Amino acid sequence: MNFDLIDKEFKKYVSTFNFEDEKISLKYYHTLEVANISYEIAEALGLNEEDRNLAKLIGYLHDFGRFEQVATTNSFKDKEVDHADNGVKLLFEEGWIRTFIQDDKYDEIIKKAVRNHNKYQILDPVNERERLFANIIRDSDKIDIFRVRTKYYHNEMKLVPSIKVVEELKKEHSILLNDIKNKSDSLLCVMAFIFDFNYKESIQILKKKGYYSNFLNSIEVSKDNETIFKEIKEKLLKKLEV
Ligand SMILES: [Fe+2]
């Protein structure tokens, strides 16, 4: 794998979109971060150099469908266009994958990792190796999402979150999109990503980077929610102790 070429081609692809749009530039830098974090996780898991590089390549490609989604819908919402399915379409139906890697021996692994990276859980039938790479991208993406949420978003819990969402969070469950009823619920949904990590090595990397505690500290809480947030925050920060 030639990462000079991969990096150059990826940049060339993104430059066909409006880089002045923060949604585009944010996802460009997010992609570079996720590629590096994927490599770090693969390394921490003791994978060989070839597999570390494969994890990194998947990092480069995981959000390939984002740029077109933003250009056509002006949003990150996956209801109209699921950006992961769109990425698979562009890479494997329209053939973009061959711009990044000539060899097709990793195609199934890459396809399943990209398609399942944003789903509530892995939906495709996967073998052990496919699961490994899907798990790595799901973890590395979430690590960088905490950085992105802290840097680019105003995180406020000013509405009272739904009882169901709070209960699920207390049970250490991820939040289903259908249960999200207001802005506070969606913030709690991001907080709950911490329950969905596959590897303790990923959590250790997250902890080292400080992204999760920074994210929790960036949340502006209204008086109504102070007690509940304090309780939830303590519980969530405990998850970093692995
Ligand atoms: Fe994504």
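What the table shows:
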{"read-out": "Long-range amide H partners of VAL221 with built H, under 5 Å", "value": "MET157"}
{"read-out": "Relative contact order, percent, the chain [alpha-carbon distance under 8 Å, six or more residues apart]", "value": "17"}
{"read-out": "Charge dipole (debye, nearest 20) of the stretch 121-242; +1 at Cβ of Lys and Arg, -1 at Cβ of Asp and Glu", "value": "340"}
{"read-out": "Two-site label geometry, PHE195 and GLU50: point separation in nm, points 7 Å out along Cα→Cβ", "value": "3.9"}
{"read-out": "Label-to-label distance, nm, for residues given as TYR120 and GLU80 (7 Å Cα→Cβ offset)", "value": "2.4"}
{"read-out": "Globularity ratio of the chain, using Cα Rg and 2.2 N^0.38 Å", "value": "1.01"}
{"read-out": "Tensor-based shape of the stretch 153-242 (alpha-carbon gyration tensor, a/c under 1.5 rounded, otherwise prolate or oblate)", "value": "prolate"}
{"read-out": "DSSP loop GluC sites (Glu not before Pro) with at most 14 other Cβ within 10 Å: longest gap in the chain", "value": "95-171"}
{"read-out": "Computed [θ] at 222 nm, deg cm²/dmol, the chain (DSSP H ≥ 4; -39,500 (n - 2.57); rounded to nearest 500)", "value": "-18500 deg cm²/dmol"}
{"read-out": "Inter-label distance for ARG129 and ASN217, nm, one decimal - labels placed 7 Å from Cα along Cα-to-Cβ", "value": "4.3"}
{"read-out": "Average Cα contact separation per residue, the stretch 46-126, under 8 Å, 6 or more apart, as relative contact order %", "value": "29"}
{"read-out": "Signed unit charges on C-beta, dipole axis of the stretch 1-148, positive-most listed residue VAL88, ASN36, LEU57", "value": "VAL88"}
{"read-out": "The stretch 70-121: C-alpha gyration tensor shape, a/c 1.5 cut-off, then a/b vs b/c", "value": "oblate"}
{"read-out": "Cα centre as origin, Lys/Arg/Asp/Glu Cβ charges: the stretch 1-148 dipole, Debye", "value": "260"}
{"read-out": "Rounded Å value of the spacing that divides the Cα centres of the stretch 154-229 and the stretch 10-70", "value": "24"}
{"read-out": "Theoretical gain in end-to-end length, ASN36 to GLU231 [0.36 nm per residue, Cα-Cα removed]", "value": "66.9 nm"}
{"read-out": "Loop-located trypsin sites (Lys or Arg not before Pro) in the stretch 104-149 whose Cβ has at most 13 other Cβ within 10 Å (DSSP)", "value": "LYS105"}
{"read-out": "Loop-located chymotrypsin sites (Phe, Trp or Tyr not before Pro) in the stretch 86-147 whose Cβ has at most 15 other Cβ within 10 Å (DSSP)", "value": "TYR120"}
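Values quoted throughout were computed directly from the atomic coordinates according to the rules given, and no laboratory measurement underlies them. These numbers were taken from a predicted model, which means no experiment stands behind them. Quick reminder, even Gly has a Cβ in these numbers, built from the backbone with ideal geometry, and neighbours come from all protein chains shown.
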